[in-house]
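Below is one structure; the comments refer to it alone.
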Amino acid sequence: MDIRYFDNAATTRIKEDVLKEMLPYLKENFGNPSSMYTIGRNARKAVEEARKKVAKLIHCKSNEIYFTGSGSESNNTAIKGIAHKNAFKGRHIITSKIEHPSVLHTCRSLEKEGFRVTYLNVDENGFINLDELMNSVRNDTILISIMFANNEIGTIEPIQEIARIAKMYNIIFHTDAVQACGNVPIDVQKMGIDMLSLSGHKLYAPKGIGAIYVRNGISFEKFIDGGHQEKDKRAGTENVPGIVGLGKACELANIHLEQHMKHLKEIRDYYIDQIEKKIPNIKLNGAKEKRLPGNANFSFECIEGQSLLLNLDAKGICASSGSACSTGSSNPSHVLNAIGLSSQLASGALRTSFGEENTKEDIDYLVENLVEIVKRLRDINSLKPQEHI
Ligand SMILES: *Cc1c(COP(=O)(O)O)cnc(C)c1O
């Protein structure tokens, strides 16, 4: 059975061209980039070329990019690195209730050290409120960390406005752009972003490679002690193949961004249209317009998300209920909770995140199966939604 993959927000399949670019650095150019001889120097050169490509995608200087081991590490480095460096100035951080666990749990851990954190609410579409943000600023606020786009519902936050407020109060602004990078245009200079996290495996590069952008002039505490790699900020021999892969993926994302967005939007909107026409008693979660081009998230009334996923899997369809990170825990998604969904609707959520390989024919297959499965599950439950409204 063919696999139909609609879970690109969980991870993406590595591109053939990305893999091709990486292979020499797993083979003949296996040298340590810190070594003086030719294969070491080749590796060093490749790392610096990749740094330029990552920088180009988000419009920063290449010396503002630091490679890390993941998006999670980038978020940890940004938030803990700024908190620890600036604790003498203040110990207050502002974030939102719908952040990825690598932001939320980092903030929780800082709270145990005595930092104070404000978790901003979001409205029914997942947007933070700028007035609430402004009212949350205190004399001792040192960092605002708000995600660029949400991984579950796809909502794109008002990044430029948040940056403007941060600047007005002279507070550092970090954004988790793991879902946004490669899927929407990002210009850290124009948008006023001070720090940004990204991850390889969400944009067709391998897992276990990430990067963080830190505007020149902002200092942060190093996250991993050891050797002098990454300008003494992140010890550990560089993951050269991963870095090369990330660089290539960013280069390709940059070249094809417009076309990629158009493609995702087309199939996403086709999917939404078909579901709305063919399945009653559903709710689209997340923002209508300001939304990642490849994200759709529907709640199906009187359906258990887990049974939906199992039934889809039996048809070779990969999708997600909530986020991959919270799968395995039976807690309803903190994001769906924050946008005010009832626990019944939250547990009946299905996230489909489309990718470059998806075709309209894939969507037809997905919709056809969803129609059948939803009907069958509702019949079994004999919980006809109409009777419950
Ligand atoms: C996937 C994801 C991360 C974590 O990235 P990893 O490289 O898997 O650690 C962080 N934030 C968001 C929004 C994500 O979607």
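The values are calculated or read from the model by the stated rules, or taken from the named source; none is laboratory data. Just so you know, these numbers come straight off a predicted model, no measurement behind them. Please note: Cβ atoms are built from the backbone with ideal geometry, for glycine as well, and neighbour counts cover all protein chains shown. Each accessible area value is taken on the protein alone, full model and side chains, heavy atoms only, with ligands, DNA and RNA left out. Shrake-Rupley method; radii C 1.70, N 1.55, O 1.52, S 1.80 Å.
Taking every alpha-carbon pair under 8 Å whose residues sit at least 6 apart, the chain reaches a relative contact order of 23 percent.
Taking Cβ atoms as reference points and 11 Å as the exclusive limit, the residues near Ile373 contribute a net charge of 0, counting Lys and Arg as +1 and Asp and Glu as -1. Springs between Cα atoms under 10 Å define the GNM used for the chain, and in it the highest mean-square fluctuation of Gly40, Gly348, Gly294 occurs at Gly40. Only helices enter this figure: runs of n ≥ 4 DSSP H residues, each worth -39500 (n - 2.57), summed and divided by the residues of the chain, yield -13000 deg cm²/dmol at 222 nm to the nearest 500. Here the Karplus relation 6.51 cos²θ - 1.76 cosθ + 1.60, evaluated at θ = phi - 60°, turns the backbone of segment 24-39 into coupling constants of x, 8, 9, 10, 5, 9, 7, x, 6, x, 8, 7, 7, 6, 4, 5 Hz, with x for every Gly and Pro. By accessible area, using a 1.4 Å probe on protein heavy atoms only, the chain has 51% of its surface on carbon and sulfur.
Judged by the mean number of other Cβ atoms found within 10 Å, the most tightly packed of the peptides 302-312, 207-217 leads the ranking 207-217, 302-312.
Starting from the Cα gyration tensor of segment 69-172, take the square roots of the eigenvalues, sort them a ≥ b ≥ c, and report rounded, prolate or oblate (rounded when a/c is under 1.5, otherwise prolate if a/b is larger than b/c, else oblate). Oblate shape, in that a/c is at least 1.5 and b/c is the bigger or equal ratio. Per residue, the chain exposes an accessible area of 44 Å² to a 1.4 Å probe, with every protein chain left in place.
Segment 115-130 and segment 170-218 have their alpha-carbon centroids 20 Å apart. Rounded, prolate or oblate: which fits segment 158-278 when a ≥ b ≥ c are the square roots of the eigenvalues of the alpha-carbon gyration tensor, with rounded for a/c under 1.5 and prolate only if a/b beats b/c? Verdict is oblate for segment 158-278.
Which order do the peptides 283-293, 14-24, 244-254 take when ranked by the mean count of other beta-carbon atoms within 10 Å per residue, highest first?
244-254, 283-293, 14-24
With only the Cα atoms considered, the chain has a convex hull volume of 138 Å³ per residue.
Between His228 and Asp379, the C-beta separation translates, for a Förster distance of 56 Å, into a calculated FRET efficiency of about 0.30.
In whole percents, the pair-distance distribution calculated for segment 241-292 from its alpha-carbon pairs, binned every 5 Å from zero, is 4, 16, 17, 17, 14, 11, 10, 7, 3, 1. Near Gly355: Cβ cut-off under 12 Å, other residues only, Lys/Arg at +1 and Asp/Glu at -1. The net charge is +1. For Thr11, the solvent-accessible surface with a 1.4 Å probe is about 30 Å², rounded to the nearest 10.
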